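The numbers here are math on the coordinates, done by the rules we state, and not lab data. Just so it is clear, the model here is predicted, and its values are computed rather than measured. Note that we place each Cβ from the backbone using ideal geometry, even for glycine, and neighbour counts take in every protein chain shown.
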Amino acid sequence: MNGIDYPSYKKLRCTRELIHVSVLEKPQGRRPVIYFGRVHLTDIFTGVESRGYLKIGKSDTPNIMMRLRNQPGSDFRVYAEIHIQGDLASAEKVAHSVLKPWQVPTTHLGQTELFNILDDSLENSVDKVCKALSMTRGFNKAEVKETLLFDSNKISDVK
């Protein structure tokens, strides 16, 4: 699995949502999601590509999040996203709670977004989060509008 890169993600959103690229970073381009992504790095001496732990976070503007995470030498790719309607912060807490057994212990205070989830377990993990979100109620309700998996810039809807 390789996820989707930033330029392909922008193009995908414009095509699927029938919007111009200039709208993506404006309020009308808002798309609240729980994202599942990894940093891809290429070793400058060996040319060998490696990947980091899976980062699970929230973003109202995923294209901005991807652009900001892409720095020279690193390529942040999204592997899956859950499009949320409702309380995005609560949805992220649900995701982290459901996947807590795979959470990576870190020395950075407050860093709770990294998970040791392998590619072949990703779809199952996304499904667990969606099922847990379907049980949220009241003020913290978060409805799943759409769930997408990205592999080599191809997309799959998760039912």
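Hydrophobic long helices, here whole DSSP H runs in the chain with Kyte-Doolittle means of at least -0.5 and Cα atoms spread over 18 Å or more along the helix axis, are found at 119-133. Between S22, S59, S90, the Gaussian network model of the chain with springs among Cα atoms under 10 angstrom shows the greatest mean-square fluctuation at S22. By other beta-carbon atoms within 10 Å, ranking R13, R77 with the fewest at the front produces R13, R77.
Pairs over the 25 Å Cα-Cα cut-off, from the set K55/K131; K10/K128; K11/K141; K58/K131; K58/K100; K93/K131: K10/K128; K11/K141. Between beta-carbons, use under 12 Å as the cut-off and find the net charge around N63, counting Lys and Arg +1, Asp and Glu -1. Counting the neighbours of N63, the net charge comes to +3. Just H83, H108, H20 to compare: in a GNM of the chain, with alpha carbon springs under 10 Å, which one fluctuates most? Among H83, H108, H20, the largest mean-square fluctuation in the Gaussian network model of the chain belongs to H108.
Based on DSSP H segments of at least four residues, each scored -39500 (n - 2.57), the chain has a per-residue ellipticity at 222 nm of -9000 deg cm²/dmol.
With both labels modelled 7 Å from their Cα along Cα-to-Cβ, the L118 to L68 distance reads 3.3 nm.
In a Gaussian network model over the chain where Cα atoms closer than 10 Å are linked, find which of A95, A80, A132 has the largest mean-square fluctuation. The residue that fluctuates most here is A132. Centre-to-centre, using Cα atoms only, the stretch 78-132 and the stretch 1-75 are separated by 17 Å.
Please report F45, F150, F115 as a ranked list, fewest other C-beta atoms within 10 angstrom at the top and most at the bottom.
F45, F115, F150
Residue exposure proxy: M66, M1, M135, ordered by other Cβ atoms within 10 angstrom of their Cβ from fewest to most, comes out as M135, M1, M66.
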